[in-house]
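The values are calculated or read from the model by the stated rules, or taken from the named source; none is laboratory data. These numbers were taken from a predicted model, which means no experiment stands behind them. Neighbour counts run over all protein chains shown; Cβ positions are idealised from the backbone, glycine included.
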Amino acid sequence: MIKDKIVERWYSLKRKVPFYWVIIIALTAALPYNIYINHFNLPVAHNDESIDNCSLPFNLTRVNNKKFVQPLLFAGLTTEDERLMPLKEKITNYINEKKGGVLKTASVYFNVLDSASGWFVINPDEKYNPASIMKVAFAITMLKEAENNPSILDKTVYYSRHSSSFHDQAILQHQLPPDKSYSIKELLRYTLAYSDNDAAYKVVDNFKESDLQKLMESLNMPHVNFKTEYYATVEEISRLFRVLYNASYLSKDMSEYALELLTQSDFNDGMIKKLDKDIVVARKFGERGIEDNKELHEYGIVYLYGKPYLLGIMTRGSDYKALEDVISDISLMAYQEMAKVI
C-alpha cells in the first residue's frame, strides 16, 4: 500500500514538473560548487598515505600566517634513518680525511624525498654564507608574486651595466649582457640557471622585501638583511628545495617552472661532475670568498630513476677547485649508495 502511494506520487510529480526542468535545476545547483572549486583551486586528495600505529616523533612545518588554515610545507621524522648510517659514516670519514688540508670544514644534508624517514645530516650546527643559493629564495618570492599577478613575468626591465657594489663572482659563465631590456622570466633564467648577480638583484627590485621575509618566516629561517652577511645551516637551506619538490609553498606549475630552470644550471664541476650524464639534477651552487677563506656549496635534487633524493653540501676551505672536488666526491658517494637500492 505504502509502496503504491509512493509510486503514484512520483508519477504525479513527473507530470507536474517536465523532465528537462529537472536537468536544468540539477545543473544550476551544481554551478556554484564548480565555480567555487575552480576559482579557489581547492586541492583534491589523491593517493593519501597513512602510518598505522606509528609512535615515532614527527616534525610538521606549516604556513601559519592564515586565520583558519595552516598548509603543510613538509614533514619528516625527527630522528635519522638507521639504514643510511653506513653512507653517513662513509661521508664523515671522507670529510675528516680532507680536513687540515684542502678542507677546513663541511656539512652535508641528505634526504630521500619520497620517504618520510630517509634523511641524515653531518655537522648540522655549522653555519655558512649560502651566497648564490639564496637566489632560490629570491626566485620563489618572485614566483609567489606572479601567482597573484601573472603578467609580471612578462614585465620588461632595462639593465644598463654591471654594478661594482656586488661581490665579484669567481664562477660565472653566462653574464647578463648590458644595455638591454629583459623580461622577468629572462632574469629568472639568468638568476637560477646562470647564477648572475645583476639579474638576481633586478629580480629583487621587482618584489617587496616583506614578501621575502614571509617566505623566511614560513620556513623558520633567519631573516634576510641585504646590508649584512647571511648565515644559515645546511638543513635550513635545504628547506628551499624541499618546498619546491613538494609544491607546498608555490603552486605546482610555479614549482615545476623553478625546478626546470634549476636543471639548466651551467655549473658542471661540482655535484654532477662524476654522475651518469643522463641523470637529471635540479641544482644551485653558491660561492663566497674573502682572501684565503673560501666557501663553495651546492644543493641538488637528483632524479635517480624514480628514487629522487636531495643532497646539500656546504664547504669551507682555501681553494675553489679543491672544494669542487670535495663536492663531486661526496655527490658520487651518495649516488652510488642510492643506485644500489634501485
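Could you check segment 304-342 and list, in sequence order, the residues that are β-branched (Val, Ile, Thr) and not in a helix (DSSP H, G or I)? Working first, answer last.
Of all residues in segment 304-342, those β-branched (Val, Ile, Thr) come to 313, 315, 326-327, 330, 341-342.
Within segment 304-342, Ile313, Thr315, Val341, Ile342 qualify.
Consider only pairs whose beta carbons are under 9 Å apart and that are at least six residues apart or on different chains; among these, list those whose first residue lies in segment 283-297 and is under 22 Å from Ala258 (Cβ atoms) and assigned by TED's automatic domain parsing to the domain that holds Lys321 and whose second residue is basic (Lys, Arg) and assigned to a strand (DSSP E or B).
Pairs found: Glu287/Lys294; His297/Lys284; His297/Arg288.
Where in segment 171-267 are there helices (runs of 4 or more DSSP H), lying wholly inside it, with at least 2 residues that are of a type in the set (Ser, Thr, Tyr) and under 17 Å from the mean Cα position of the chain (by Cα)?
Hits in segment 171-267: 234-246, 252-262.
Could you list, in sequence order, all residues of segment 81-112 that are among the hydroxyl-bearing types (Ser, Thr, Tyr) and either out of contact with any strand residue (DSSP E or B) (no Cβ under 7 Å at 6 or more places or on another chain) or assigned to a helix (DSSP H, G or I) (or both)? Working first, answer last.
Here is the first cut: in segment 81-112, the residues among the hydroxyl-bearing types (Ser, Thr, Tyr) are 92, 94, 105, 107, 109.
Listed by number, the residues that qualify are Thr92, Tyr94.
Out of all the residues in segment 178-228, which are in contact with a Lys or Arg (Cβ under 6 Å, 6 or more places away or on another chain), more than 19 Å from Tyr299 (Cβ to Cβ) and at pLDDT 95 or above?
Here is the first cut: in segment 178-228, the residues in contact with a Lys or Arg (Cβ under 6 Å, 6 or more places away or on another chain) are 178, 184, 187, 191, 200, 219.
From the residues that got through so far, the ones that are more than 19 Å from Tyr299 (Cβ to Cβ) too are 178, 184, 187.
Ile184, Leu187, listed by residue number.
Applying the selection to segment 133-173, what residues are at pLDDT below 95 and among the small types (Gly, Ala, Ser)?
Ser160, Ser163, Ser164, Ser165, Ala170
Looking at segment 288-320 only, could you name the residues that are small (Gly, Ala, Ser) and surrounded by 21 or more Cβ atoms within 10 Å (Cβ to Cβ)? Explain how you work it out, then say what you get.
Taking segment 288-320 and keeping what is small (Gly, Ala, Ser), we get 289, 300, 306, 312, 317-318.
Within segment 288-320, Gly300, Gly312, Gly317 qualify.
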